[in-house]
Structures are given as C-alpha cells and as structure tokens.
Amino acid sequence: QVQLVESGGGLVQAGGSLRLSCAASVNIFSINAMGWYRQEPGKQRELVAGITNGGTTNYADSVKGRFTISRDYAKNTVYLQMNSLKPEDTAVYYCHAGVDVTRPRRTYEYEYWGQGTQVTVSS
C-alpha cells in the first residue's frame, strides 16, 4: 500500500500563497499519476491538479495560471504551489495517488488518499 502524508495547509489572506506537500511512502516513479483534490463541507470532492509519471499535467479551470503541481523524485514528494489565493479556494485539500498494475489479461487500478490538509483563505 501507499501512504500519503500531507502538509503545508493553513490560513492565508486573499492574494497570498501556500505550498502543499505530499510525501509518499514509495518511490513515486512507481505511481502512475498523482494529484490534488479539494472538498468543501457538503460538497463533492473535485480535482484541482494532476500529474502523470510521464509529466503530463492538468488543472481545474478555476486554478489555471495560479496553481502549479510538481514532483521531486528524490524526495518522493508532490507539491502544489498555490498563488493568488481566493476565498473560494478554501477547502480541505487531499493528495491522491493512482497506481495501474499491468497483468497479462488486465490492468488493475488502485488508488490511495492522504488525510487532507485544511486551506483557509480570508477575504
């Protein structure tokens, strides 16, 4: 199993910046894709940013140009740099890992979640 430990959340004023970190218990080279999701109370969890082992990234339209996802293979860590934060960015942010294991007849898909870290942006 993959253990994901998040850090970096906190309280920040609108327009400020935060950097979230997600440390994995395995070499992230073995993880096909990693990403950040966020969820507000009573709302569905949504994808914020994702990155594949091959380096392909994708972002929610609401964060494009403000957030950047990156990897550090030496530290087995994925980061989410958040700039120009807005009050609507307030949520619990979760790190996610997706692992695809190829076998002769099929590919098995596994997913893992971090515990979440609170990000609060004041107006």
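The values are calculated or read from the model by the stated rules, or taken from the named source; none is laboratory data. Values in this document were obtained by computation on a predicted structure and should not be read as measured data. Positions of Cβ are generated from backbone atoms using ideal geometry, with glycine treated the same way; all protein chains shown enter the neighbour counts. In case anyone asks, the SASA skips ligands and DNA or RNA and just uses the protein heavy atoms, side chains included. Shrake-Rupley method; radii C 1.70, N 1.55, O 1.52, S 1.80 Å.
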| said: Quick check on my filter: what residues within segment 42-90 are hydroxyl-bearing (Ser, Thr, Tyr) and closer than 13 Å to VAL119 by Cβ? | reply: THR90
| note | Restricting attention to segment 65-111, the residues that are among the hydrophobic types (A, V, I, L, M, F, W, C), farther than 20 Å from GLN1 by Cα and either without any contact (Cβ under 8 Å) to a residue 40 or more places away in the chain or surrounded by fewer than 14 Cβ atoms within 10 Å (Cβ to Cβ) (or both) number exactly 2
| query | Do the conditions hold for VAL5, that is, is it among the aliphatic types (A, V, I, L, M), under 16 Å from the mean Cα position of the chain (by Cα), open to solvent by 60 Å² or more (accessible area, probe 1.4 Å) and at pLDDT 95 or above? | reply | yes
| request: Could you list, in sequence order, all residues of segment 15-57 that are open to solvent by less than 40 Å² (accessible area, probe 1.4 Å) and of a type in the set (D, E, K, R)? | output: ARG38
